[in-house]
Each structure stands twice: as structure tokens, then as C-alpha cells.
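Note sheet for the following structure.
The values are calculated or read from the model by the stated rules, or taken from the named source; none is laboratory data. Everything numeric in this text was worked out from a predicted model, so none of it was measured. Every residue, glycine among them, receives a Cβ derived from its backbone with ideal geometry; neighbour counts consider all protein chains shown. Protein only, heavy atoms only, side chains kept; ligands, DNA and RNA dropped before computing areas. Shrake-Rupley method; radii C 1.70, N 1.55, O 1.52, S 1.80 Å.
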Amino acid sequence: MTSSSKLIELSASAVVDLLKQEKTTPIDLLDALEERIAEVNPTVNALPTLCFDRARAHARDLMKRPLAERGRLAGLPLPIKDLTRVAGVRTTYGSPIFADFVPEQSDILVENLEREGGIVFAKSATPEFGAGANTFNEVFGATLNPWDTSRSAAGSSGGAAVALATGMAWVA
């Protein structure tokens, strides 16, 4: 296994290669992400909803399958924008009217990603309903630019962009 800090520095392709060679596990990756998120996210607010228990349960189930049946992503953890339903995970759409909504069923996008071995570990920040030029909403507040926290992360995918820029995700 590679150290947590080294795993965070790798590209998504390199991480998937390690998974397919069984040189790391999805659990190792989730541990590395959880450590990195604890260091970085309190400052930038990119991943307001974490679901590591769900992710580890999915990882354990995936690892029971033969390697050839683990899908193209082979256990790669990924965040999902808070505009997309994930079963059992708070999905707010960045809106106070959905602040407590927890869907019973995932969006087909999530189902397909998980079928291919993707493991959802967080929801990334977005403006309310994805509208607006800055990633801010009344449920979670502002997502900040990691290079200058006096500035916005901008865009409807600001949480995803900041997660990628700070090593809190390999893909988003």
C-alpha cells in the first residue's frame, strides 16, 4: 500500500491502475480521503455532506467480487454534486426547502457509476439548484477558492472544482 499523502497526489488513472493491480484497496483510498478532507475542507467548504460509512459498506461489498467484476472504476471513490440523488444521503440541491431531504433511491447516474465500481463518499457544494455564478447556498454557505479564500470558487461546480484542486477527490 502507498501512504495516504502519496495516494492523494496520484491521478485518477493511476489510482484505478493500483486498484486493478490490487496494490491498494478502496478502503485505503477512503481513509486517505477522509484524512485529507479533515485537513482541508473546514477552510474551503467544498464537500459539505460526507457519507464515509455508506462508502465503506459499498467498498467492502465491491471487494468481495472477483477483480474482473469490479467495473471500470474498480473501487475509485468520487463525490457527487449535491444536485444528484444518492440513496440514503442528504441531497439538498443547495436549497433550504430540501435541507432535510434524504432520497430512498439514487439517480440513474449514481446507479451507473456504482455499477462500474465508483464509490460515492461525499456530496460536492453547488449554488441553489445549480444556478448562479458563485458556489454559495443558504444551506451550507460559501465554497471558497483554495488559493485565495477571500474569493469565490465560482460556478455551479465550485465544490467539485475545489475538491479536485485540493486533493480531496480524484474525479468529480
Among residues of segment 81-114 being in a loop (DSSP other than H, G, I, E, B) and of a type in the set (A, V, I, L, M, F, W, C), the residue nearest to ARG56 (Cα to Cα) is ALA87
With respect to ASP61, determine if the residue is free of Cβ contacts under 8 Å to residues at least 12 places away in the same chain and touching a Lys or Arg at 6+ places or on another chain (Cβ under 9 Å).
no
For segment 129-145, check the following and say yes or no: at least one residue is in contact with a Cys (Cβ under 9 Å, 6 or more places away or on another chain), open to solvent by less than 50 Å² (accessible area, probe 1.4 Å), small (Gly, Ala, Ser) and not in a loop (DSSP other than H, G, I, E, B).
no
Picked from segment 57-106 (must be charged (D, E, K, R) and open to solvent by less than 40 Å² (accessible area, probe 1.4 Å)), the residue farthest from ALA161 (Cα to Cα) is ARG70
Picked from segment 146-160 (must be touching a residue at least 24 places away in the same chain (Cβ under 8 Å) and within 18 Å of the chain's Cα centre (by Cα)), the residue farthest from TYR93 (Cα to Cα) is PRO146
How many residues of segment 21-40 are among the β-branched types (Val, Ile, Thr) and over 15 Å from CYS51 (Cβ atoms)? The answer is 3
When every residue in segment 36-56 that is hydrophobic (A, V, I, L, M, F, W, C) and under 12 Å from the mean Cα position of the chain (by Cα) is compared, the one surrounded by the most Cβ atoms within 10 Å (Cβ to Cβ) is ALA46
Counting only residues in segment 1-24 that are part of a helix (DSSP H, G or I) and of a type in the set (A, V, I, L, M), the one surrounded by the fewest Cβ atoms within 10 Å (Cβ to Cβ) is identified as ALA14
Residue under question is VAL120, and the condition is that it be surrounded by fewer than 19 Cβ atoms within 10 Å (Cβ to Cβ), within 22 Å of VAL40 (Cβ to Cβ) and in contact (Cβ under 8 Å) with a residue 60 or more places away in the chain; does it hold? no
